[in-house]
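Each remark here refers to the structure printed beneath this line.
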Amino acid sequence: MFRNFHFRAVKTFARPLNSKKSLKSENKLFCSSASVTSNSQESSGFFKASETNPVHLNEKHLGRFYSIDNDIYQKLYVQYHGFPLEYREQCKVFREQCVLVRKPYLDLKRCVDAMDLKKPVVRFVLHGADGSGKSMILGSMAHYGYTKEFILIHIPWIPLWTRYCKEIVPSTTREGFHDHTINAVQFLTNFKTQNAELLQKLNLVTSKEYQWSKREVTEQGSNLLAIVEHGISRPVHATECMYTLFKELKAQSSEEKCKTMVLADGVNGLFYDCKWIKGADRKMVPPSNLTAYEAMKDLFKTDWKGGVVIVTVDRIALDLEFRESTLPRYLLKKEGWELFDPFVPIEVTNYTAQEIQTTIDYYLERKWLQHPAASTEEGRLELEYLSTRNPRTLMELCNSR
Amino acid sequence: MRMGKKELARSIMDKTFMTIKKVQLAKYYNTQDPEERAKIILNPLELLHKAVENSKPFLETTPIKRGGHTYQVPVPIRENKQQALAIKWLIEAGKEKDDDMRFFVKFGYEIIDAANGTGKVIKKKVELHKRCEANRAYAHYRWS
């Protein structure tokens, strides 16, 4: 019965002209629903696209899930907040990693493809309602950047540096500034996991000598990984290492030795006071006195070439008092707006009718939605209505049904 | 539900159902054998009903005074009280001391155990029934 419903819904949408592929996979459903045993753990059905390479994803795959290879997932996302926590927990349960291909993702991909890397860097800002899928799109861009051999600077969730920061120490090199130690070390470890191969292959070397303290020096001409490893082994210098690494990568990209993709989630948190960041005298440290913030803001400037900056602004990244609007002008404040203007805004909306039914299909196939009425027509409409087509609300509803 | 906090009760139950689904799905995806897969119940609501059904005691002992002595007399339990006791025991088992585990996680595990016929709650029920069986000699005191 639910099959009929889906066909009815899909007919009203403009089907791609080259629908041979989709027809073939629809026929697959009739076979897969009848077969009881399938040895592979992967899901199959017409909601799933068989393409795993993000470079080849296009309008044909719009509104369907594509799966990320397990090795790439382990390398890029697992240790760190690459994707939101609830999504990673679900991936553990489903034994696979599937991402929905949505229009903002395809638009962003096309823009990044069409960019001229010889011109100054373009900033893309994803904005939208709470839980509408901004972090997921940012995360899947990391996969795309990795396939296209960009060096990834992936700062997954800025509130980890503001609200949930682990340790703040006064900086040894800068007067009046404070450093994040544990956060910076975590970032550098993950930078290494994501980019070690590419850095070795491209053989990027430091342009000058860096002296971290009286006895610790990184020589000129050593691989950039040396800076990363120094930061990991010496937490006190970790934020400084991060800052130097960013400066080096910017310079090297401008000289066309490499391409860099900067991804940051919840950037608006950098411009607000945070009462959880306290110095040794138990007084709040203003955002202008934090090295890590300076490092990140430096990345978002347009004074370099050979890369792309993709960023999200999220209302949830801020404290409860600052959540009046979801639009970039309000969230970035004056300082942020001046830093980011001009940028390319991309709005991420809630699911369309087709996308939400596809997600429900996927949950049903993975046996996550257990309520007997979930697969009926009325059940699906009820889920769609209750969740107002918002991805996060749908996930929360389906968690307990 | 305590103090009329239905929202809290609801959110705890939602998290419990999510844990149950995760545990059962892990078992489901670990086996490839279709027979074993058919035996695993994935619906958390179904498991909950089964757990409550399995942990309902039908006899309990009540103190009755006859001739200066108090005897523990086995007595049948009404349907409503049976269900109330089963649910209360399940919740208490979930609250038992285990500092690392959240309540809804432990509660989920207790429900799955009870539905399978094992676990603390079933043990408690069986011990109650044994006490009643041991005291069956006093059963006539209920009416004398």
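Every read-out reported here was derived from the displayed coordinates using simple, explicitly stated rules and does not represent laboratory data. Because the structure is a prediction, the values reported are computed rather than measured. Cβ sites come from the backbone with ideal geometry, for glycine too, and all protein chains shown count toward neighbours.
Please report the net charge: other residues with Cβ closer than 14 Å to the Cβ of A:LYS119, K and R +1, D and E -1.
Neighbour charge sum, excluding A:LYS119 itself: +1.
Semi-axes of the equivalent ellipsoid of segment A:265-308 are 26, 11, 7 Å, computed as sqrt(5λ) over the eigenvalues of the C-alpha gyration tensor in descending order.
Using helices alone, what [θ] at 222 nm do you get for chain A, with -39,500 (n - 2.57) per DSSP H run of 4 or more residues, divided over all residues and rounded to the nearest 500?
-13000 deg cm²/dmol
What number comes out for the charge environment of A:ALA196, summing +1 per Lys or Arg and -1 per Asp or Glu over other residues with Cβ under 11 Å away? Every neighbour counted, the sum reads +1. Straight-line cross-link reach from A:LYS109 at under 20 Å between alpha-carbon atoms covers these aspartates and glutamates, not counting any fewer than eight positions away in the same chain: A:GLU51, A:GLU59, A:ASP69, A:GLU149, A:ASP265, A:GLU347, A:GLU355. Relative to the 2.2 N^0.38 Å rule of thumb, chain A has a C-alpha radius of gyration ratio of 1.06. Each of A:TRP212, A:TRP157, A:TRP337 was scored by other Cβ atoms within 10 Å of its Cβ. Arranged with the fewest first, they read A:TRP337, A:TRP212, A:TRP157. Largest GNM mean-square fluctuation among A:SER387, A:SER213, A:SER44, using chain A with Cα springs under 10 Å: A:SER213.
Taking other residues whose beta carbon is less than 10 angstrom from the beta carbon of A:ILE158, and scoring Lys, Arg as +1 and Asp, Glu as -1, yields -1. Taking the square roots of 5 times each eigenvalue of the Cα gyration tensor of segment B:6-142, largest first, gives ellipsoid semi-axes of 35, 17, 12 Å.
Net charge dipole, the protein assembly as shown: roughly 1820 debye, given to the nearest 20, about the Cα centre with Cβ charges of +1 for Lys and Arg and -1 for Asp and Glu. When the pairs A:LYS118/A:LYS192; A:LYS75/A:LYS119; B:LYS56/B:LYS124; B:LYS5/B:LYS88 are compared against a 21 Å limit on Cα-Cα distance, A:LYS118/A:LYS192; A:LYS75/A:LYS119 fall above it.
What area, in nm² and to one decimal, does the C-alpha convex hull of segment A:113-347 cast on average over all directions?
Result: a mean projected hull area of 12.5 nm².
On C-alpha positions alone, give me the angle between the axis of helix A:328-340 and the longest principal axis of chain A, in degrees, nearest 10. With both axes taken from Cα atoms, the answer is about 40 degrees. In terms of distances greater than 29 angstrom between alpha carbons, the cross-link table entries B:LYS22/B:LYS120; A:LYS134/A:LYS275; A:LYS92/A:LYS301; A:LYS247/A:LYS334 yield A:LYS92/A:LYS301.
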